[in-house]
Structures are given as C-alpha cells and as structure tokens.
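Data first, discussion second: the structure below is written as structure tokens.
The values are calculated or read from the model by the stated rules, or taken from the named source; none is laboratory data. Everything quoted here is computed from the prediction, not taken from an experiment. Cβ atoms come from the backbone with ideal geometry, glycine included; neighbour counts cover every protein chain shown.
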C-alpha cells in the first residue's frame, strides 16, 4: 500500500500538466476534467490533447493506439483477481499502468491485490484533483517541464522496475525493450513504439524461458 500511494502521488502531480495542456489545446475545464474522469489513461489523454492542439491530427486513433495496452492489463488482472459485479467494473476502470505495475511488483497474492487497489484508486483521486487544479490555473503555471512534473511519472516507473531487474535475463529484456522504444519513437505514430517494445519483451521472455527449460 505504501508503494501504491507513493506512485499515486508521483503520477497525480503530473495531472497538473495535463490540466494545463488541455486548456492550452482549447478544451474547457469541464471537457478536460471529463477526460481524466472517464478516459483515465494518461498516455491516451496526452495524445488526444496533443493531436487537438496540432490541428486536425487523428486524435482518436492516437489515443486508441496508446490505450490498447489496457486490454492486456485487463485480461491479466481479471485472471488474477476474478472480480464480480460492480467490483469488476471498478477494477476495469482503474486498470492502468500504475496499478498493474504496483500489483505485479509484489510476490504475495494479498499484497498484489492491495497494491493494485491502493495505486488504482489513489491515482484516480489525485489525477483528477490535480487535473482540475491545472485546468483552473491554466497558463498561469507556465511550462510544466520547468517544475519537473514531466519526470514524476517516469521516476515512479523506474522505482517499480528497478527491484525486478534481479538477473541477467530481466536486464536484457528491459534494455532491449528500451532500445526498441527509443529507436521507433521518431518514426512511428504515438502508441506503436510501446506496442513494439511490449512484443519484444514478450518474445524475449518466451524465448529465454524455453532456453532455460531445455
């Protein structure tokens, strides 16, 4: 739960940036807030407002490509927790990068569940609060990068990833995925480099697992 709350604070702070960018892109405070409450997947939200600000880019396509990863997360978390009824709907809504990463970083089933919910609900609450703050303050904040907010979410993910790099295979997978992402970001549409990196990670994991079995 401590890990989940820490990730929530780091990610939630970045919501100020999204709120300010939403207003700068021409959205109203209500529209910007609705994106955080209903879409609630940071990468897709930034792609959406970025495309709108760019003037006519396929915002929905860019946002959807980045959101595809949530399908994989959803299947994984559904199999792990087997939610029912309204809990299933709530779990689906808070199944995001942060909640899944916090969950899979734990080794005990009960801790995985606590990590998922503490990060999922924590990020949802703080992300929406700080989105509202950023939208209301708007351009008064200036460039969010000057406050270091653009690095908060990245730092949180590195903190989750680092303890998992406990042998040469996991390090190799991480390095290869990072390399593919950096290589493809300048040439592919938003979302596709992440999907390619995920495919590389899955393929390498499968290959290394079979090699270890042999």
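Quick notes
- Restricting attention to the range 189-214, the residues that are closer than 20 Å to residue 68 by Cα and free of Cβ contacts under 8 Å to residues at least 40 places away in the same chain add up to 8.
- Test: residue 117 is under 26 Å from residue 202 (Cα atoms) and at pLDDT 85 or above: yes
- Residue among 156, 212, 178, 189 that is at negative phi and at pLDDT 80 or above: 178
- The range 175-188, residues that are surrounded by fewer than 18 Cβ atoms within 10 Å (Cβ to Cβ) and either within 18 Å of residue 71 (Cβ to Cβ) or under 17 Å from the mean Cα position of the chain (by Cα) (or both): 178, 181, 185
- Residue ranges of helices (runs of 4 or more DSSP H) in the range 1-56 with at least 3 members surrounded by fewer than 21 Cβ atoms within 10 Å (Cβ to Cβ) and modelled with pLDDT of 85 or more: 2-24, 29-34
- Set 91, 112: member being free of Cβ contacts under 8 Å to residues at least 60 places away in the same chain, in a helix (DSSP H, G or I) and either in contact with a strand residue (DSSP E or B) (Cβ under 6 Å, 6 or more places away or on another chain) or closer than 21 Å to residue 37 by Cα (or both): 91
- Within the option set 138, 134, being at pLDDT below 85, in contact with a helix residue (DSSP H, G or I) (Cβ under 6 Å, 6 or more places away or on another chain), in a helix (DSSP H, G or I) and assigned by TED's automatic domain parsing to the domain that holds residue 116 holds for one residue only, 138.
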